1. Looking at ILE103, ILE136, ILE120, can you tell me which residue is in contact with a strand residue (DSSP E or B) (Cβ under 6 Å, 6 or more places away or on another chain) and closer than 30 Å to ILE15 by Cβ?
2. Mind checking whether some residue in segment 169-176 is in a helix (DSSP H, G or I), among the aliphatic types (A, V, I, L, M) and outside the structural domain of ILE108 (by TED's automatic domain parsing)?
3. List, please: which pairs have Cβ atoms under 8 Å, are six or more places apart or on different chains, and start with a residue in segment 22-43 that is free of Cβ contacts under 8 Å to residues at least 24 places away in the same chain and end with one that is part of a loop (DSSP other than H, G, I, E, B) and exposed (fewer than 11 other Cβ atoms within 10 Å of the Cβ)?
4. So, in segment 103-136, exactly how many residues are of a type in the set (Val, Ile, Thr), at pLDDT below 90 and closer than 24 Å to PHE49 by Cβ?
5. Confirm whether LEU139 is closer than 25 Å to ALA51 by Cα and either in a helix (DSSP H, G or I) or not polar (S, T, N, Q) (or both).
6. Working carefully through the options ILE103, ILE7, ILE90, ILE60, find the one that is of a type outside the set (Asp, Glu), surrounded by fewer than 16 Cβ atoms within 10 Å (Cβ to Cβ) and under 15 Å from the mean Cα position of the chain (by Cα).
7. Of the residues GLY192, GLY197, GLY185, GLY157, only one is at pLDDT 95 or above, assigned by TED's automatic domain parsing to the domain that holds TRP226 and either under 30 Å from SER35 (Cα atoms) or touching a helix residue (DSSP H, G or I) at 6+ places or on another chain (Cβ under 8 Å) (or both); which?
8. Considering GLY184, GLY125, which residue is within 16 Å of the chain's Cα centre (by Cα), in a helix (DSSP H, G or I), among the small types (Gly, Ala, Ser) and surrounded by 18 or more Cβ atoms within 10 Å (Cβ to Cβ)?
Amino acid sequence: MKNKGLIITPALALIIAAAAIQILPDLIPAHFGMSGDADRFGSKYEVLFFAAIVVITSVIGILLRRKFDKDANNARDEKTASHGAGNAKICGIVCTAMNAVMIGLECIFIALGYNGVQHITGTDGELYCSATVILIGILFAVLGNIMPKMKMNGLMGLRTSWSMKNDEVWSRCQRMGGTVTFFGGIAIILSGIILRGYPALVAMVIIFTVIFAVMIKGSHQIYTDWEKEQNNG
């Protein structure tokens with residue numbers, strides 16, 4: 001079954017949410033401010049928000065897979081068909097990985113509510129911060145490994161006005177973007193392990209900013225270098 005992961009993950013997210021509702025108190029911490037203190041409490045049913053995201057991601061993933069499969073089936077040459085089929089498979093992997101991380105975040109949210117943690121800056125809360133950061137870092141590392149395998153399309157990958165110029169520039173940009181994303185993910189994981197707690201969240205935001213800035217600048221540089229190659233050739 002092509003969409004196996006996109007069916008299992010939403011079912012699992014819904015089962016976890018349903019079970020959590022049975023054991024959580026009526027009011028749970030639903031948001032933490034910059035100070036690290038809980039600044040909003042909400043209903044235990046808000047845990048369904050995570051399951052809803054997983055369901056939506058799965059639906060989008062299934063629709064995108066169908067779109068890429070259709071492109072492959074309607075392709076006029078073997079190369080285009082291969083690109084469509086490859087992107088369809090990658091789409092399923094990416095969406096499943098995102099769902100897996102979201103389920104992990106769902107479990108962290110449930111644990112925070114069940115244990116009544118109201119301060120993520122203290123000893124009680126730093127474990128949850130670090131776990132969140134590490135999960136997101138793992139997702140980035142996985143995405144970084146996948147990016148170089150993506151063929152040019154208008155839906156996934158490092159898409160800028162420069163990277164979309166042609167297949168060669170696209171391929172170079174995805175390799176660069178994949179490398180930056182992978183090592184950025186490793187840096188995020190290490191920040192969760194070494195810094196722990198709230199500082200790890202701050203470090204994660206900084207790393208995010210660096211990753212996106214480097215990828216945008218890098219895609220422009222790659223296109224500029226390619227243009228020079230063509231002119232010199």
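1. ILE120
2. Initial filter on segment 169-176 (in a helix (DSSP H, G or I)): 169-176.
Among the residues that remain, those that are also among the aliphatic types (A, V, I, L, M) are: 169, 176.
Still in the list and also outside the structural domain of ILE108 (by TED's automatic domain parsing): 169, 176.
Within segment 169-176, one or more residues are in a helix (DSSP H, G or I), among the aliphatic types (A, V, I, L, M) and outside the structural domain of ILE108 (by TED's automatic domain parsing).
3. Within 8 Å, the pairs are ASP39/GLY33; SER43/ASP26.
4. The qualifying residues number 3.
5. Numbers: closer than 25 Å to ALA51 by Cα: yes; either in a helix (DSSP H, G or I) or not polar (S, T, N, Q) (or both): yes.
Yes.
6. Working: ILE103 fails: surrounded by fewer than 16 Cβ atoms within 10 Å (Cβ to Cβ); ILE7 fails: under 15 Å from the mean Cα position of the chain (by Cα); ILE90 fails: surrounded by fewer than 16 Cβ atoms within 10 Å (Cβ to Cβ).
When all the criteria are applied, what remains is ILE60.
7. GLY185
8. Numbers: GLY125 fails: within 16 Å of the chain's Cα centre (by Cα).
None of the other options fit; the residue is GLY184.
The values are calculated or read from the model by the stated rules, or taken from the named source; none is laboratory data. Since we're looking at a predicted model, the values are computed, not measured. Virtual Cβ from ideal backbone geometry, glycine too; neighbours counted across all protein chains shown.
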